[in-house]
1. Per-residue HN-Hα couplings for the stretch 134-140, Karplus 6.51 cos²θ - 1.76 cosθ + 1.60 at θ = phi - 60°, whole Hz, x for Gly and Pro?
2. Cα centroids of the stretch 241-312 and the stretch 169-211: how far apart, whole angstrom?
3. So if each residue of separation counts as 0.36 nm, and I subtract the Cα-Cα distance between Thr308 and Ile148, what length gain in nm does that give?
4. Give, in nm to one decimal, the length gained when the segment between Lys114 and Asp271 is fully stretched (0.36 nm per residue of separation minus the Cα-Cα distance).
5. Give the long-range amide H neighbours of Thr311: residues separated by 5 or more places, or on another chain, with amide H under 5 Å away, using H modelled in the peptide plane at 1.01 Å from N.
6. Assuming a ≥ b ≥ c are the square roots of the Cα gyration tensor eigenvalues, decide whether the stretch 110-173 counts as rounded (a/c under 1.5), prolate (otherwise, with a/b larger than b/c) or oblate.
7. Return the long-range amide H neighbours of Leu284 (sequence gap of 5 or more, or a different chain), with a cut-off of under 5 Å between placed amide H atoms.
8. Collect residues whose amide H, placed 1.01 Å from N in the peptide plane, falls under 5 Å from the amide H of Thr159; neighbours closer than 5 in sequence don't count.
Amino acid sequence: MSLNSFGHLFRVTTWGESHGPALGATVDGCPPGVAIDEAMIQHWLDKRKPGQNKYTTQRREPDQVKILSGVFEGQTTGTPVQLMIENTDQRSKDYGDIMDKFRPGHADITYFQKYGIRDYRGGGRSSARETAARVAAGGLAREAIKQIAPGVEIKGYMTQMGPHGIDRDRIDWEQIDQNPFWTPDAQAAEDWAQYLDDLRKSGNSVGAVIEVVARGVPAGIGAPIYGKLDTDLAAAMMSINAVKGVEIGEGMAAAALTGEANADEITMGPDGPEYSSNHAGGILGGISTGQDVVVRFAVKPTSSILTTRKTITKTGEDTEIITKGRHDPCVGIRAVPVGEAMMACVILDHLLLHRGQIGSNRGTIG
């Protein structure tokens, strides 16, 4: 299976399966001299790990990361950094009943059609467990960003669960870490709790929308045409398991706006250009404007549900299936730290590309 890597200069290759002995990431291109240790990466993995509350899968994985290479005396050396996370709570027997059946909504059928083989134990490589490796790589990326662009702050949060969205007038970033849904709207968190609890008890699931914002991104990163910052961000978010749509800035809603409404007017401020709004999501022509970079993605409902569904077997017979095991009633909850990690990896990659080609911005205004 090819294409397990992403990034240009900061390049991440993930490996491992849901029910294998371990999974992880090989990170190549991290600058030397970045202060890093396992605890600094673990902080981000702890946000994503399963079994933290009743709203996520009850698989109990500590997700303890180990740094196997590329770090000496607390600093990166510039050589590949190998990150490993051992699996400790596999229950492969939960999947014995479906080894010859395809789960609707899962990649089981397409993996089998393409490769002629599939790991039915939790989906193997197609499992969202793979995203733990991305979060580990994202933790490393965050520390490198601090060295290159210390003003950058990355924050992800849930803005919608099923049909229920947040009230943007109530957004408070301080609330994000205070509830199990990583949402900046405290009232929405209360409302979602009962809604998701009812779905969970009925064996059903629901989708979500996640927004990831990068503040303090300097103007000028990204490149025209095929190296656009938004191109790579869209690809990064779309590669996350269960993601079915990605927006930058105003996104699909821009189609309903007029040119007058959509254009972010520019004035000259004391420290450079200032914009009246941010419909563009901080990116124009594939290049950052210096405003907040705003990305939004939609996550479909978890396909593993306890409702009987029609399917077929590998030999082509019609049958029915109930997916047992431990699954997230809303996979969007644990997608928040994954989206943050992908944002960090892409931002760092483009900071390095910009430094390599341009050094510092050449255009001066004012």
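The values are calculated or read from the model by the stated rules, or taken from the named source; none is laboratory data. Remember, it's a predicted structure, so these values are computed and weren't measured experimentally. Here the Cβ is made from the backbone with ideal geometry for all residues, glycine too, and neighbour counts use every protein chain on show. Calculation scope for accessible area: heavy atoms of the full protein, side chains included, ligands and nucleic acids excluded. Shrake-Rupley method; radii C 1.70, N 1.55, O 1.52, S 1.80 Å.
1. Residue by residue, the stretch 134-140 yields 5, 5, 4, 5, x, x, 5 Hz.
2. 20 Å
3. Between Thr308 and Ile148, full extension yields 52.4 nm more.
4. Taking 0.36 nm per residue and subtracting the Cα distance, the gain is 51.1 nm.
5. Close amide H contacts, sequence-distant or interchain: Thr319, Glu320, Ile321.
6. Since a/c reaches 1.5 but b/c is at least a/b, the shape of the stretch 110-173 is classed as oblate.
7. Amide H neighbours of Leu284, under 5 Å, 5+ apart: Thr289.
8. Amide H neighbours of Thr159: Val209, Ile210, Glu211.
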